[in-house]
Structures are given as structure tokens and as C-alpha cells.
1. When you go through (1) open to solvent by 30 Å² or more (accessible area, probe 1.4 Å); (2) within 20 Å of E194 (Cβ to Cβ) one by one for R348, which number turns out not to apply?
2. Please go through region 310-345 and give me each residue that is part of a strand (DSSP E or B) and either open to solvent by less than 40 Å² (accessible area, probe 1.4 Å) or of a type in the set (D, E) (or both), ordered by number.
3. Can you work out which of the residues in region 174-196 that are part of a loop (DSSP other than H, G, I, E, B) and open to solvent by less than 10 Å² (accessible area, probe 1.4 Å) is nearest to W6 (Cα to Cα)?
4. Return the only residue of G136, G145 being under 19 Å from Y275 (Cβ atoms), at pLDDT 95 or above and in contact with a strand residue (DSSP E or B) (Cβ under 6 Å, 6 or more places away or on another chain).
5. Report, by residue number, each residue of region 162-207 that is over 26 Å from E297 (Cα atoms) and touching a His at 6+ places or on another chain (Cβ under 6 Å).
6. Output the number of residues of region 234-248 satisfying the condition of being open to solvent by 10 Å² or more (accessible area, probe 1.4 Å) and either closer than 15 Å to Q152 by Cβ or part of a strand (DSSP E or B) (or both).
7. Working only within region 58-77, note down all residues that are of a type in the set (D, E) and within 21 Å of I130 (Cβ to Cβ).
8. Let me confirm something: among A206, A127, which residue is open to solvent by less than 30 Å² (accessible area, probe 1.4 Å), assigned by the TED database to the domain that holds N72, more than 15 Å from E332 (Cα to Cα) and part of a helix (DSSP H, G or I)?
Amino acid sequence: MNNIEWQESTLILLDQTKLPTEISYINCTDWRQVAEAIKMLRVRGAPAIGVAAGYGLILAAMEAARLDAPFNEQLVTFYDFSENLKETRPTAINLAWAVERIVNLVKAEAKTSSDMEHIIKIITAEAELIHKEDVGLNRRMAEAGASLFEGQRNLRILTHCNAGALATGGVGTALGVIRKLHEKSQLERVYADETRPLLQGARLTAFELYEDGIPVTLETDNMAAYAMQQGLIDAVIVGADRITTKGDVANKIGTYGLAVLAKFHNIPFYVAASYSTFDFTLKNGSYIPIEMRDDYEVTSFHGVQTAPEGIDVLNPAFDVTPHELVTAIITEEGVLTPDFEESIGKLRHIVHNK
């Protein structure tokens, strides 16, 4: 199913908060609807929210163009809208990357053009290109990740949260690798953490894999240690929302704990992420902004209260896994291994010279 689709002046998003029991779509004709969908996790996954934001900027430019104002004022309004959209989720760098990529293009184009309709066409073409690029890089990432398991059979892979087709514009990052292993008959089974508190693993990853006919076993997050201790896991593959130049990885809360467990049990811990997930302005993961979400996500589920009224809640959406716990980072340009500062630096050089 398409999770993101642009049709004329409407962005159609699969409402992931309704899965797996209901398949429902949201028709966004206003950039604020896109921002709300990102904030409320109706569309989620770092690559997917970058793609959605690109289309959201078309709607922002269309609204700015309707203002009865000079071109320069329309541009200022568009930039304000863009900033608001960028701030909806602070941890996933792909969101800021997509917005800044399009805004920088608009600024360059505005030096020679004063036609807002032309600007809208430029934004539309770039948003569609970002989407198309994500589809292609997912495929290349899947191939690169599968190369790590050359000659191996009956693999049992543990994953956390959802880094599949629902989280990207293509086949997925972590799940893209898993899909490729299944395609090559190397995969025995996937173990999917349910991923508290919003159960993206249970509602989305298990749903994706089950629908694709890929063997999957669902487990609660606190069963991962047991699965490893019992020898049920050969490797861990997760996605990422932001990666620093040292290789520190921000991902869904609970990822750090998995990495610690994997290290203790001598299980390789792989991260699959595209170039747009790397933050070249940050070296240390301690500087990554961590989104804190509403208490009700922990104290209730689907409207049913599960904790005492008024209880204090700690609800970070992400944690940071130190680079020392990461075995390798899988990208569309190949597999990065320690020393990560060196290999990430080479990745940046390769992409900039393309």
C-alpha cells in the first residue's frame, strides 16, 4: 500500500495510528495538516517524514502565493511556514534536511525569479525527486546490508520499532535489508519488539512482515534479553533518526538497551540509515535533541487508562546508542565500519563529489 502519495494539490497519507485494524487515509490540502500528521505520528519514520515535509512545502508555497502581497512578502511567509513545519519533530534529522534542501533551492531560484507559480513548480519537482531518491536508495541499502550475511543461512534477525516501507518512501531501511535476505532465502525468522509505548513494532513491523509472508515472531521489549540468552538471535538490525559524525545513533527509545544486550551476548548490532540521516554538525550524541512526548502515551492506550491518574511520567521518544556499541552502519553507499569518524567522513566525500 502507498503510505505517501502526491496527487495534484493534495498529499495523501496512510494514517499509521489506525494500523493494523483499519486502513485509513488522510487528504492533506494544507501544510498544517501535514505538520499535525508528522507530530501525531500519522506519518512517521525519519525518511518518510522528510518525504512528507517536501510535499508539505508545496502546500505552504501555494498558500503563500494566494496572499495579496508582493513576491518578497510571499517568500517571507513561505519561509515562516517552512520553519514551523521543520520544528514539528526535533530529533529526526531527515525532516530538517528535506526542508532545508528545498528552502535553499527556493532562495537560489528567487534571485532570478519573482514568480511564485514558478517557485511552486520548482518545489514540486524537488519534493518528487526526494521521494524518488528514497525509493532508490532503499534498494541499494538493502543490497549493501545483505552483503554482510554472505553465505549464511537460517538467519534470525531482531528488529526494533518500524524501519520498513511504512517508515520510508521505498522498501525500508532495516526491513529493506531483512526483505532482501528473505528474497535470497537466507532468512529463517524475524523477531519484532513490540516497541512501547506506541507499539510501532506490533502494529506496523509485524503487520508489514506478516502481510509480505515473512516469518515473524512478536515479543515485548523486555523479552529481547531472554531471546538472546536462549540463542534465538543472530543479529540485530535497526533504523535511525539521526547519526553523528562519531557514529552515535539516535533511534526509537529502547534501541540503546538492545545494543547493550547485543554487546553482552556477542551479537552484531547493525544500523541501516541513508545519507540524509547523518548530522554533520554534531560529533557527540549527547547533543542530539531528544523529543519528549505527552504523558498519555504511557498512561493510556487507545483511550483506555492503564496507570493512576496524575502519575508522573518519563516519555522520551528516542535514546542515543554510543558508537562503541554499533558493529556497522548500512547506507546506500555501502557498509561503514569503525573507525566511524573516518568512514563517515569518506561517505560525506563520496556523496558531495557525485
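The values are calculated or read from the model by the stated rules, or taken from the named source; none is laboratory data. None of these values were measured; they are calculated from a predicted model. Here Cβ is always computed from backbone atoms with ideal geometry, including for glycine, and neighbour counts include all displayed protein chains. Ligands, DNA and RNA are stripped out before the accessible areas are found, and what is left, the full protein with its side chains, is counted by its heavy atoms. Shrake-Rupley method; radii C 1.70, N 1.55, O 1.52, S 1.80 Å.
1. Among (1) open to solvent by 30 Å² or more (accessible area, probe 1.4 Å); (2) within 20 Å of E194 (Cβ to Cβ), R348 violates only (2).
2. P316, F318, D319, V320, T321, A328, I329, I330, T331, G334, L336
3. T195
4. Testing whether each residue is under 19 Å from Y275 (Cβ atoms), at pLDDT 95 or above and in contact with a strand residue (DSSP E or B) (Cβ under 6 Å, 6 or more places away or on another chain) leaves just G145.
5. Answer for region 162-207, where residues must be over 26 Å from E297 (Cα atoms) and touching a His at 6+ places or on another chain (Cβ under 6 Å): just G169.
6. Qualifying residue count for the region: 2.
7. E63
8. Going through A206, A127 in turn, the sole match is A127.
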